[in-house]
Each structure stands twice: as C-alpha cells, then as structure tokens.
Amino acid sequence: MNPNLSRLQPYPFERMAKLHAGVTPPERLGAIRLSIGEPKHPTPGFISEALIEHLHGLSLYPATRGSLQLRETIANWLGTRFALPADSLDPDRQILPVNGTREALFAIAQCLIDPANQPLILMPNPFYQIYEGAALLAGAEPGFINCTAASDYLPDFDAVSDSDWDRCQLLYVCSPGNPTGRVLDSEALQVLIERAERHDFVIVSDECYSEIYLDEAAPPPGLLQAAAAMGNEDYKRCMVFHSLSKRSNAPGLRSGFVAGDAELIEPFFLYRTYHGSAMPPPTQDASIRAWQDEAHVVENRRLYRDKFAAVTDILSPVLDLETPPASFYLWPRTPIDDQVFARQLLAKQNVIVLPGSYLSRDTENGNPGKDHIRMALVAPLDECIDAAQRIRTFTEQLDVQENT
Ligand SMILES: Cc1ncc(COP(=O)(O)O)c(C=O)c1O
C-alpha cells in the first residue's frame with residue numbers, strides 16, 4: 001500500500017456527517033443545505049443539447065490533447081476574457097482539456113513534484129482540500145499560508161520565510177478564493193511571479209470561480225493576464241486551471257482546461273497520456289458551445305448577485321460578515337465555536353453549513369478557519385432567504401455564554 005494514503009485527512013463532508021450524528025432537526029422545517037459548493041442553477045439547455053447532438057462521438061477514443069477546435073475555442077476565450085496579447089497562447093502547446101479542475105489540480109502535483117530534497121507545496125489556509133491531498137500523495141509537505149481578517153482573507157504571502165520559498169516547488173493559489181471569495185489583484189499576482197522566478201517554483205492558479213463575481217465592471221484578473229502585463233508572454237512558471245462547473249452550471253459535465261507555460265504543459269500532457277484522462281468527445285463538443293457563449297454566464301452572475309444582496313441584508317445585523325467580490329460563498333465569523341454553531345443550527349433550524357475549521361489546518365499562528373462558517377449560496381433565492389432568516393433567528397436566540 002502507498003504509505004502516503006494514510007497521511008490523507010478525512011474529507012470535510014465526512015467530518016460533518018460525524019458532527020451531525022444524533023441530531024434530530026425540527027420536523028416542521030425542511031432541510032436547507034448551504035454546505036456543499038455545488039452549483040444548483042440549471043445547466044443551460046443548449047449545453048445539454050450539444051452533448052446529445054454529439055453522442056455519436058462515443059464510438060471514438062478521445063485524444064489526450066483534445067480536439068483542435070476545443071483548444072482554439074479556449075484560446076479565444078482566454079484571450080478575450082483576460083485581454084491577452086494576440087496569439088500569445090498556442091493551442092497546440094499551451095492548452096490541455098481536463099475532466100474538471102479537481103482531477104487536474106491533483107494530477108499536476110503528481111507530475112511536477114520531484115520527491116527528492118524535501119519538497120514543499122504551499123497553499124492558502126483555509127483551502128480547497130484537493131491541494132493538500134495532492135501534496136501528500138506526491139510525497140511533498142503541504143505548507144499553509146493563513147488567510148485571516150488581518151490579511152483581508154487573502155493569503156499572507158509575506159509571512160512565508162525565504163527558506164520555505166526556496167523549498168517550495170509548487171504554489172497553489174485560488175482566486176477568487178474558496179471559501180473566502182477574495183480576489184488577488186494583478187500586482188499581488190505579479191509579486192508571486194517574481195518570487196517564482198527567484199525561488200524556482202511553479203504557480204498553479206485555480207481560477208474556477210473567475211466568472212462568478214459581483215461587479216460586472218470588475219472581473220477578477222487572472223495569472224496569465226498578470227504575467228503578460230509584466231512582459232512574461234511565455235507565461236513562464238504559470239499555469240491556470242479553469243472549469244465549466246461554476247461558470248456554466250455544469251458540474252456533471254466534468255469539463256475544464258489548463259493553460260500556460262508550454263514547458264509545463266508538455267510534461268503534463270505526457271503524464272496525462274499515461275494516466276488516461278482524455279475528455280470524452282461529446283463532452284468536448286458541448287464544452288466548445290459553452291465557452292463560446294457569455295449570455296448565460298452574465299445571467300448566472302445576476303442570480304448570485306441577487307442572493308448575496310438578500311442574504312447579507314438579513315444577516316449583517318447579527319453576524320460579522322462581508323460580501324466578497326467574487327465566488328458564491330459567504331465566510332462569516334461565528335459568535336461561538338464554529339462546530340458548535342453548525343451543529344446547533346442544524347438542531348434548531350435544519351440549516352446545514354460547513355464549519356470553517358474543516359477547511360483549514362492548525363498552524364503555529366492558529367487555525368484561520370476556526371470560528372467561521374462557509375455558506376454556499378447555491379440554492380434558489382427563496383431558499384437562501386429562508387435559510388438566512390433561520391440563521392438570524394438562531395443567532396439572535398444564541399446564548400453566547402452558555403456555548404463558550
Ligand atoms: C476552489 C475549487 N477548485 C476546484 C474545484 C473543482 O471543480 P471542478 O472539478 O468541478 O472543475 C472546486 C469545486 O468545488 C473548488 O471549489
């Protein structure tokens with residue numbers, strides 16, 4: 001057995017199931033689940049139809065690189081969305097389709113990490129759990145960069161020592177962030193690119209929430225955009241990971257891509273050939289249609305904007321929370337321990353939220369997820385409003401003294 005398997009932590013939803021054991025929520029209230037970051041808006045019909053239309057593609061083995069039409073469509077989308085210099089992305093050498101970003105974010109560490117020399121993989125804390133599992137199974141040590149209120153819930157990169165940057169082979173960044181919804185600006189991304197050059201590591205930028213933002217006039221910048229703006233038009237040391245799951249409400253399609261530095265994409269292509277993770281042909285065709293359309297993405301953002309406005313209106317008088325610029329998460333502070341808060345909220349109001357400490361790890365400077373909860377505003381507007389009202393009632397009735 002691979003000994004690194006025993007280093008994997010229980011997934012947050014397993015821990016949550018244990019936390020809920022023995023709780024009987026009130027029967028008169030239906031359950032509202034804000035715990036899972038699974039988009040619930042309907043998948044646009046034209047994407048499902050494109051999938052059906054191309055089912056004949058099932059008779060073919062797909063190529064690991066995917067079709068040229070898909071890669072060209074992605075190159076056009078990236079070029080327009082992030083205002084990249086014309087022709088700076090070669091669809092043959094700098095883009096690969098992936099079956100959702102989850103598998104790719106995991107696989108990239110297996111591909112790039114040299115297990116000699118005590119490799120370190122740095123990541124935000126709290127974080128998307130795959131980063132840590134990927135690091136452990138690649139034989140690297142995960143290193144956590146805290147995101148606290150003091151750093152506006154962005155990773156405090158300046159707190160990382162030079163010796164850790166030297167050991168770092170791969171840095172995961174997540175912007176917009178899960179669970180904090182905060183966005184790294186271009187300047188911050190450029191400082192990271194300079195660091196990557198100085199300390200010789202790769203930046204893996206998880207941008208799967210890049211299209212879920214609140215201000216139509218302020219789309220979050222991406223790593224490739226920041227690189228091009230500083231003259232790094234080969235995107236050296238930079239890889240971005242994008243997905244249709246959140247952008248197009250198609251998490252079951254399992255479709256995303258990785259793009260960036262040709263010298264990193266090429267070994268990843270080789271790795272994927274052996275790993276056997278080519279995208280099915282009908283999925284490729286449906287993905288082409290999805291990346292070509294923006295109208296459904298604009299409408300998707302409107303739905304989230306309405307939910308953020310309604311929910312923060314109800315909750316801000318009772319909880320310490322800020323509306324983030326992007327993502328579909330709220331990350332409020334809890335007046336009592338986050339696990340106790342989540343368990344009692346289920347017991348009293350049948351609303352399910354994720355304790356923040358399940359998404360983060362202890363560090364010498366504390367656990368930045370503690371006393372926070374993650375609320376995913378994925379349910380329809382009326383359900384989100386109902387949940388917010390129940391959380392408000394619960395919080396107002398909470399006896400802080402009794403629970404500390
Ligand atoms: C931060 C982050 N990255 C990546 C993913 C994976 O998404 P997918 O594999 O559907 O592209 C998720 C899913 O919830 C996520 O929250």
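Computed quantities for the displayed model
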item	result
Qualifying position, being of a type in the set (Phe, Trp, Tyr) and within 24 Å of Glu132 (Cα to Cα), among Phe308, Phe341, Phe394, Phe328	Phe328
Close pairs from the range 158-182: first within 12 Å of Gln118 (Cα to Cα), partner within 16 Å of the ligand (Cβ to nearest atom) and not charged (D, E, K, R), Cβ under 8 Å, at least 6 apart	Asp164/Leu122; Cys168/Ile121; Cys168/Leu122; Gln169/Ile121
First in the range 373-398 and at pLDDT 95 or above, second anywhere and of a type in the set (Ser, Thr, Tyr), Cβ under 6 Å, 6 or more apart	Ile373/Thr334; Arg374/Tyr329; Ala376/Tyr329
Verdict on Arg305 being of a type outside the set (Gly, Ala, Ser) and within 16 Å of the ligand (Cβ to nearest atom)	no
Matching residues in the range 14-37 - criterion: being surrounded by 13 or more Cβ atoms within 10 Å (Cβ to Cβ) and among the hydroxyl-bearing types (Ser, Thr, Tyr)	Ser35
Contacts under 6 angstrom Cβ, first residue in the range 96-121 being at negative phi and of a type in the set (Phe, Trp, Tyr), partner modelled with pLDDT of 95 or more and within 12 Å of the ligand (Cβ to nearest atom), 6 or more apart	Phe106/Ile130; Phe106/Ala134
Residue match in the range 316-333 (condition: assigned to a helix (DSSP H, G or I), in contact (Cβ under 8 Å) with a residue 12 or more places away in the chain and under 22 Å from the mean Cα position of the chain (by Cα))	no
Filter result (in contact with a helix residue (DSSP H, G or I) (Cβ under 7 Å, 6 or more places away or on another chain) and surrounded by fewer than 23 Cβ atoms within 10 Å (Cβ to Cβ)) within the range 317-334	Val318, Leu319, Leu321, Thr323
Selection status of Leu89, in contact (Cβ under 8 Å) with a residue 12 or more places away in the chain, crowded, with 19+ Cβ neighbours inside 10 Å and more than 30 Å from Pro142 (Cα to Cα)	yes
Every pair of residues 6+ apart whose Cβ atoms lie under 8 Å, when the first sits in the range 32-56 and is under 30 Å from Arg343 (Cα atoms) while the second is loosely packed, with under 14 Cβ neighbours inside 10 Å and not β-branched (Val, Ile, Thr)	Ser35/Phe13; Ile36/Phe13; Lys40/Pro380
Matching option when the condition is among the hydroxyl-bearing types (Ser, Thr, Tyr) and over 26 Å from Tyr329 (Cα atoms), among Ser210, Ser163, Ser175, Ser186	Ser163
Total residues in the range 212-244, condition over 26 Å from Pro267 (Cβ atoms), within 16 Å of the ligand (Cβ to nearest atom) and assigned to a loop (DSSP other than H, G, I, E, B)	2
Cross-chain or 6+ apart pairs with Cβ under 8 Å, the range 280-304 first and closer than 22 Å to Pro324 by Cβ, then at pLDDT below 95	Asn300/His41; Leu303/His41
Of all residues in the range 346-371 being at positive phi and surrounded by 18 or more Cβ atoms within 10 Å (Cβ to Cβ), the one that is nearest to the chain's Cα centre (by Cα)	Asp371
Breaking point among (1) closer than 18 Å to Ser245 by Cα; (2) touching a strand residue (DSSP E or B) at 6+ places or on another chain (Cβ under 7 Å); (3) not aromatic (Phe, Trp, Tyr), for Gln94	(1)
Every residue from the range 38-63 that is surrounded by 13 or more Cβ atoms within 10 Å (Cβ to Cβ) and in contact with a helix residue (DSSP H, G or I) (Cβ under 8 Å, 6 or more places away or on another chain)	Pro39, His41, Pro44, Phe46, Ile47, Ser48, Ala50, Leu51, Glu53, His54, Gly57, Pro62
Hits in the range 202-211 (condition: in contact (Cβ under 8 Å) with a residue 60 or more places away in the chain and part of a loop (DSSP other than H, G, I, E, B))	Cys208, Tyr209, Ser210, Glu211
Residue count for the range 125-154, restricted to those that are of a type in the set (A, V, I, L, M, F, W, C) and within 12 Å of the ligand (Cβ to nearest atom)	3
Subset of the range 246-267 that is within 16 Å of the ligand (Cβ to nearest atom) and over 17 Å from Leu78 (Cβ atoms) - its residue that is surrounded by the fewest Cβ atoms within 10 Å (Cβ to Cβ)	Gly252
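So that you can scan it fast, the table gives a plain yes or no per residue for (1) among the basic types (Lys, Arg); (2) more than 16 Å from the ligand (Cβ to nearest atom):
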site: Leu68; (1), (2): no, yes
site: Glu72; (1), (2): no, yes
site: Ala83; (1), (2): no, yes
site: Asp87; (1), (2): no, yes
site: Arg93; (1), (2): yes, yes
site: Arg102; (1), (2): yes, no
site: Cys111; (1), (2): no, yes
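The values are calculated or read from the model by the stated rules, or taken from the named source; none is laboratory data. All of these numbers come straight from a predicted model, not from anything done at the bench. Glycine gets a Cβ as well: all are built from the backbone with ideal geometry, and neighbour counts include every protein chain shown.
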